[in-house]
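Chemist: Below you will find the structure I want to go over with you.
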Amino acid sequence: MPRVTTAPARTHRSRQNGPVDDFTAAIHRHRRELHVHCYRMLGSFDDAEEVVQEALLRAWTRRDSFEPGSNLRAWLYRIATNACLDLLRQRSRRPEQVRSFAEVPWLQPYPDRLLDQVAPSADEPEAVVVGRETIELAFVAAMQALPAQQRAVLVMRDAIGWSAAETAAILETTVPAVNSALQRARATLHRSPRSPEASPPRTVLSAEERDLLDRYVALSEHPDVERMAALVRDDIRVTMPPQPVCYDGLAALAPLQELAFGPDGLGDWRLLPTTANRLPATACYLRPRAEPDDPFTAFKLDVLRVEDGLIAEITTFGPELFQAFGLPAQLP
């Protein structure tokens, strides 16, 4: 089991620039992993951005309370977790269960290029810290049905890999309380209709996923409904957070395909392959057919889940996070 490592920072109660600058640099080295932690807790990239900023501000204003030689990483996680819990108490949003992503309207994708910026500690390889099993959309969405404290315990124990004692110290509770919360959280996720399936903690797409993604891009840019149907399972599911809609089955997608690719549809498409939450994804750009000289404009992001060589699920998001994905707003 990975362990929390001590990450001391050169700081003390002095207001001299050297120690203060060292402390600032030390806390910002943990910013990306704290952002991922807040994302798992909240299910929203934007909310995680807001909360991690608040957490770093809290850390800065409380810097004199940090004891040199103590575990800076654990101290920052305590502050970030409390900031998440504060936001969850304010918003009081929690679905009873997650049957589809349509029931988590605040769900957003996470760019893999930012996951790759997380710096793991010496005894926590990247595949454990930001591996697919604990960052995939199914896991993040299912987490949203858990009570806040159980959510925090599950993330720290199963996603980050901290011990019960370390988790208890961060949450300022007892080891028995942590063990009880973890047991209940795991049981709830196991009963969930969208219980995430165990998967290897890998950080790259499989060859099968890359091939399917390439074919999906080609057939979207040069539509062929029959060949596109051959890429997906008969029981494919499509959701579009924050819209409360869920399309189940290939037949249910006919109106969407007509709207996207039909002669009187939205227009012409250009797609860029990318990855989100360790899953294949496409950035989709649209140009109205009536404006052939216009550029293609950012329209949506499709995240694909692949099972047995076929697309089992498509989760469609708006273009709001294209910048975070390092994607342009327009294509020529």
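Chemist: Against the conditions (1) more than 18 Å from residue 296 (Cα to Cα); (2) under 25 Å from the mean Cα position of the chain (by Cα); (3) in a strand (DSSP E or B), where does residue 234 fall short? Just the number, please.
Modeler: (2)
Chemist: Across the range 231-289, what is the number of residues that are of a type outside the set (S, T, N, Q), free of Cβ contacts under 8 Å to residues at least 60 places away in the same chain and within 19 Å of residue 215 (Cβ to Cβ)?
Modeler: Summing the residues that are of a type outside the set (S, T, N, Q), free of Cβ contacts under 8 Å to residues at least 60 places away in the same chain and within 19 Å of residue 215 (Cβ to Cβ) in the range 231-289 gives 12.
Residue-wise test of (1) at pLDDT 95 or above; (2) out of contact with any Asp or Glu (no Cβ under 8 Å at 6 or more places or on another chain); (3) of a type outside the set (Val, Ile, Thr); (4) at negative phi.
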residue	(1), (2), (3), (4)
81	yes, yes, no, yes
84	yes, yes, yes, yes
90	no, yes, yes, yes
94	no, yes, yes, yes
133	no, yes, yes, yes
153	yes, yes, no, yes
156	no, no, yes, yes
159	no, yes, yes, yes
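Chemist: Tell me which helices (runs of 4 or more DSSP H) are completely within the range 43-157 and hold 3 or more residues being touching a helix residue (DSSP H, G or I) at 6+ places or on another chain (Cβ under 8 Å) and not assigned by TED's automatic domain parsing to the domain that holds residue 319, or say none if there are none.
Modeler: 45-61, 72-91, 137-143, 148-154
Chemist: Next question, about the same structure. Identify all residues within the range 167-183 that are at pLDDT 95 or above and either small (Gly, Ala, Ser) or over 23 Å from the mean Cα position of the chain (by Cα) (or both); write none if there are none.
Modeler: 168, 173, 174, 175, 176, 177, 178, 179, 180, 181, 183
Chemist: Sort out which residues of the range 237-278 are among the small types (Gly, Ala, Ser) and within 19 Å of the chain's Cα centre (by Cα), and write them in order of number. I'd like the intermediate steps shown before the answer.
Modeler: Here is the first cut: in the range 237-278, the ones among the small types (Gly, Ala, Ser) are 249, 251-252, 254, 260, 262, 265, 267, 276.
Answer for the range 237-278, where residues must be among the small types (Gly, Ala, Ser) and within 19 Å of the chain's Cα centre (by Cα): just 276.
Chemist: Among the residues of the range 278-316, what is the count of those that are closer than 17 Å to residue 236 by Cα and part of a loop (DSSP other than H, G, I, E, B)?
Modeler: The number of residues fulfilling the criteria is 2.
Chemist: Still on this structure, I have one more. Which residue out of 227, 237, 233 is surrounded by 18 or more Cβ atoms within 10 Å (Cβ to Cβ), out of contact with any Ser or Thr (no Cβ under 6 Å at 6 or more places or on another chain) and under 24 Å from residue 279 (Cα atoms)?
Modeler: Unique residue meeting the criteria: 237.
The values are calculated or read from the model by the stated rules, or taken from the named source; none is laboratory data. Because the structure is a prediction, the values reported are computed rather than measured. Heads up, the Cβs are rebuilt from the backbone with ideal geometry, glycines too, and the neighbour counts pull from every protein chain shown.
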